[in-house]
There are 6 protein chains.
Amino acid sequence: MATLGLIEYADASAEVRAVYDDIMTTRRTDWINNFWKALAHDPATLRRTWESIRQIMAPGALDPLTKELVYLAVSATNQCGYCIASHTASARKAGMTDAMLAELMAVVGMANETNRLSAGYQVEIDDRFKT
Amino acid sequence: MATLGLIEYADASAEVRAVYDDIMTTRRTDWINNFWKALAHDPATLRRTWESIRQIMAPGALDPLTKELVYLAVSATNQCGYCIASHTASARKAGMTDAMLAELMAVVGMANETNRLSAGYQVEIDDRFKT
Amino acid sequence: MATLGLIEYADASAEVRAVYDDIMTTRRTDWINNFWKALAHDPATLRRTWESIRQIMAPGALDPLTKELVYLAVSATNQCGYCIASHTASARKAGMTDAMLAELMAVVGMANETNRLSAGYQVEIDDRFKT
Amino acid sequence: MATLGLIEYADASAEVRAVYDDIMTTRRTDWINNFWKALAHDPATLRRTWESIRQIMAPGALDPLTKELVYLAVSATNQCGYCIASHTASARKAGMTDAMLAELMAVVGMANETNRLSAGYQVEIDDRFKT
Amino acid sequence: MATLGLIEYADASAEVRAVYDDIMTTRRTDWINNFWKALAHDPATLRRTWESIRQIMAPGALDPLTKELVYLAVSATNQCGYCIASHTASARKAGMTDAMLAELMAVVGMANETNRLSAGYQVEIDDRFKT
Amino acid sequence: MATLGLIEYADASAEVRAVYDDIMTTRRTDWINNFWKALAHDPATLRRTWESIRQIMAPGALDPLTKELVYLAVSATNQCGYCIASHTASARKAGMTDAMLAELMAVVGMANETNRLSAGYQVEIDDRFKT
């Protein structure tokens with residue numbers, strides 16, 4: 001179970017409820033996943049983390065699906081079980097198909113492979129790549 | 001310098017040249033970056049790695065730009081200097097603007113942050129996320 | 001279950017028991033956690049690891065609580081489930097409050113974020129930071 | 001050089017200058033390090049990152065020196081060259097002595113070692129550690 | 001459960017069965033582990049990954065046991081639970097004894113420790129090590 | 001330069017010189033690489049780290065070359081520049097040929113790839129792999 005436990009909506013302070021409400025409204029959902037309920041023990045971090053994510057994941061130069069794919073790619077690279085589970089769900093909600101998931105993981109796997117090949121061979125950066 | 005040195009086109013075997021030629025043709029470019037020149041000491045790995053990348057990075061359910069963004073996201077997560085430099089270049093070639101780069105890094109940074117928050121708080125996976 | 005199984009006190013050799021005894025005495029506890037029982041299959045590594053930890057975690061220029069917080073920070077960064085669980089317990093025993101845990105994780109999360117932002121933007125080290 | 005270049009104070013917009021000013025005031029310094037100058041190409045990320053760091057690194061349940069030590073511990077674990085250099089400087093400014101640095105790194109090294117031993121031996125979490 | 005589920009032999013396409021058959025023949029076994037059944041949703045990745053592994057893990061300048069030990073060392077470093085479990089089994093099949101496992105993990109732990117000590121102390125590469 | 005500088009033999013205390021002497025004798029060499037000179041500011045860590053490495057890297061169930069290959073594999077996985085450079089040199093001294101290096105890196109790259117594929121697909125551990 002989460003180290004500090006999970007704070008349910010019914011037991012939450014007004015400050016925490018305000019964040020929960022904003023999460024549900026923004027995501028057009030009627031529930032809160034455990035990540036936020038665990039963070040709720042630290043309302044300042046709960047609010048800051050949510051506001052940062054809301055800002056970062058909003059449509060911009062990159063669309064929301066692309067951002068979710070990147071989030072999942074990072075989570076798989078870091079072997080974060082919770083994040084892979086939750087962001088697989090959110091990526092699917094944003095439009096990720098099974099075929100996209102498979103291609104995404106192929107890229108993630110390959111990048112992790114060549115990252116080590118270039119480090120292991122001590123390859124120096126080409127002058128053309130230096131900005 | 002790369003551990004085993006770099007093999008230039010002029011000094012390459014026919015087998016290595018064939019891969020170099022395919023890289024240049026596929027990428028519509030007239031040069032080979034150091035990564036491949038370093039791998040060329042092991043022609044089997046050179047060929048297998050190139051053919052895997054060519055297959056994986058081809059347009060499919062995900063477009064080439066999205067794949068390059070994911071590649072760069074993984075490389076930044078892994079702190080791979082060579083890969084960040086080379087895939088920044090290839091992502092730009094695939095259409096990444098400065099605004100996209102900035103948004104990409106914001107997502108990568110945030111994902112790396114929340115990956116540790118969920119692990120550090122020992123958050124358990126929600127039943128709804130279990131497939 | 002641990003790959004090589006767990007060696008309980010009753011089944012341990014004199015050499016292993018000596019380490020177990022020292023762990024319990026030093027930590028003022030009456031039980032041994034699974035990590036040591038798993039390592040006990042390799043008495044040399046058991047002894048070396050314990051002696052290193054006892055030396056490193058002793059009060060010095062840094063107090064034991066600070067050291068436990070750092071240990072937990074590293075474990076969360078590495079996504080090590082066992083280590084997060086065990087060092088959350090030992091940090092609490094050393095005095096970590098819930099508020100400290102929350103602030104610790106906020107720092108760990110932020111550091112993991114900016115680590116990727118500086119790598120992703122390829123920021124070069126300021127001359128003033130070069131020693 | 002940083003991918004998008006560095007934005008000096010003289011060339012910065014009013015929005016960016018406001019962040020730079022706040023950094024210098026908060027840190028009681030008269031210069032801005034490259035990390036912020038690189039982020040300045042994305043004023044929203046510049047502002048959000050700075051405000052998060054200012055909030056997180058402020059004194060609270062943990063003192064500023066402890067937070068800087070944790071930041072450096074994470075950066076060393078992640079092998080982030082820029083972050084190690086910059087946070088060694090900021091930790092020293094917060095009071096880190098050479099002896100503290102040495103003890104910090106000893107803990108970081110040990111934690112990284114035992115993180116792999118527990119994973120490699122597939123040690124299961126003790127019931128007592130389950131919250 | 002695996003995100004896309006597992007494809008059993010009885011339900012597999014001819015293309016997937018061909019890979020399954022080759023895995024069982026090459027490994028002299030009569031079953032397929034979950035990793036391949038999960039990948040089977042993407043037959044191109046299934047085939048490419050299997051063919052790469054078969055090529056890479058074949059005896060060459062390094063013998064199969066050494067290769068399995070290295071695979072396990074990487075998996076422990078990355079904290080990949082599935083990979084540690086599966087490659088512990090395959091390393092044992094290739095001849096890894098309990099004593100070898102213990103020595104392997106001791107090396108893996110130590111390397112992870114000194115990797116952070118050299119980064120944390122910002123040690124510069126000796127001229128003699130530059131190729 | 002290393003954070004705390006490098007301590008040369010001529011400037012070292014008797015305690016540090018004793019470790020330097022043992023390193024040179026054990027490794028049959030007449031020089032000390034920067035890693036040890038950087039650690040020498042903390043004689044306790046210098047001694048403990050050296051004695052651990054000497055014990056761990058000695059011939060046992062695994063031969064010294066295999067151990068050096070594993071050390072290099074971990075270092076490449078962690079993207080540790082200093083460690084890759086220094087352990088490439090020590091692995092060569094222990095007998096690593098160019099062909100072995102190439103095969104080693106192929107295994108390291110592949111393991112890093114499949115580590116992410118199994119995590120990304122959320123593959124569950126087979127019952128047969130549970131010990």
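Just so it is clear, none of the values below were taken in a lab; they were calculated from the coordinates. Predicted model, so just to flag it, every value in this text is computed and none were measured. Heads up, the Cβs are rebuilt from the backbone with ideal geometry, glycines too, and the neighbour counts pull from every protein chain shown.
In order along region D:19-29, phi translates into HN-Hα couplings of 5, 3, 4, 5, 4, 5, 5, 4, 8, 6, 9 Hz, rounded to whole numbers, per the Karplus curve 6.51 cos²θ - 1.76 cosθ + 1.60 with θ = phi - 60° and x for Gly and Pro.
Inter-chain neighbour count for E:21-33: the average number of beta-carbon atoms from partner chains within 10 Å of each residue's beta-carbon is 1.
Per residue, chain C reaches -21000 deg cm²/dmol at 222 nm when only DSSP H runs of four or more residues are counted, each adding -39500 (n - 2.57). Amide H to amide H distances under 5 Å link residue C:6 with no residue, where only residues 5 or more positions off or on other chains count and H is placed in the peptide plane. When the P(r) of region D:15-57 is calculated, the portion above 15 Å amounts to 32% of the C-alpha pairs. Counting Cβ atoms of other protein chains within 10 Å of each Cβ in D:9-19 and taking the mean gives 0. Equivalent ellipsoid of the protein assembly as shown: semi-axes from √(5λ) of the C-alpha gyration tensor, largest first, are 33, 33, 29 Å.
Phi-derived couplings, Karplus 6.51 cos²θ - 1.76 cosθ + 1.60 at θ = phi - 60°, listed residue by residue for region F:34-40: 4, 3, 5, 5, 6, 5, 4 Hz, with x used for Gly and Pro. Working note: Debye formula, equal point scatterers on the alpha-carbon atoms of region F:1-121, no solvent; log10 I(q)/I(0) at q = 0.20, 0.22 Å⁻¹ is -1.16, -1.29.
Cross-link reach is defined here as a Cα-Cα straight distance under 19 Å, omitting same-chain residues fewer than 8 places apart; for residue C:37 the aspartates and glutamates meeting it are C:8, C:11, C:15, C:21, C:22, C:51, D:113, D:124, D:126, D:127, E:98, E:103. The C-alpha radius of gyration of region C:34-100, expressed as a fraction of 2.2 N^0.38 Å, stands at 1.17. With a Förster radius of 25 Å applied to the C-beta separation of residue F:15 and residue C:44, the computed FRET efficiency comes to 0.55. If you take the square roots of the eigenvalues of the alpha-carbon gyration tensor of region B:78-122 and sort them as a ≥ b ≥ c, do you get rounded (a/c under 1.5), prolate (a/b over b/c) or oblate? It is oblate, given that a/c is not under 1.5 and a/b is not larger than b/c. Per residue, the average separation of C-alpha pairs within less than 8 Å and at least 6 apart gives region C:3-131 a relative contact order of 17 percent. Between D:82, D:121, D:71, the GNM of chain D built on Cα springs shorter than 10 angstrom shows D:121 fluctuating the most. Nearest-to-axis residue in chain D, judged by Cβ distance to the rotation axis that brings D onto B and given in whole Å, is D:79, 3. Estimated from the Cβ-Cβ distance and a Förster radius of 51 angstrom, the FRET efficiency linking residue A:29 and residue A:130 is about 0.65. Across region C:48-54, rounded Karplus estimates of 3J(HN,Hα) from the backbone phi angles (6.51 cos²θ - 1.76 cosθ + 1.60, θ = phi - 60°) give 4, 5, 5, 5, 5, 5, 4 Hz, Gly and Pro being marked x.
Of all the options B:104, B:46, B:62, the one that moves most in a Gaussian network model of chain B with Cα springs shorter than 10 angstrom is B:62.
Shielding of peptide A:86-92 by partners, expressed as the average count of other chain Cβ atoms within 10 Å per residue Cβ, is 4.
Relative to the other identical copies, residue E:30 shows label-point distances of 5.2, 5.2, 6.2, 6.5, 8.2 nm, where the label point lies 7 Å from Cα along the Cβ direction and values run shortest first.
A Gaussian network model of chain D, with springs between Cα atoms under 10 Å, assigns the largest mean-square fluctuation among D:15, D:68, D:113 to D:113.
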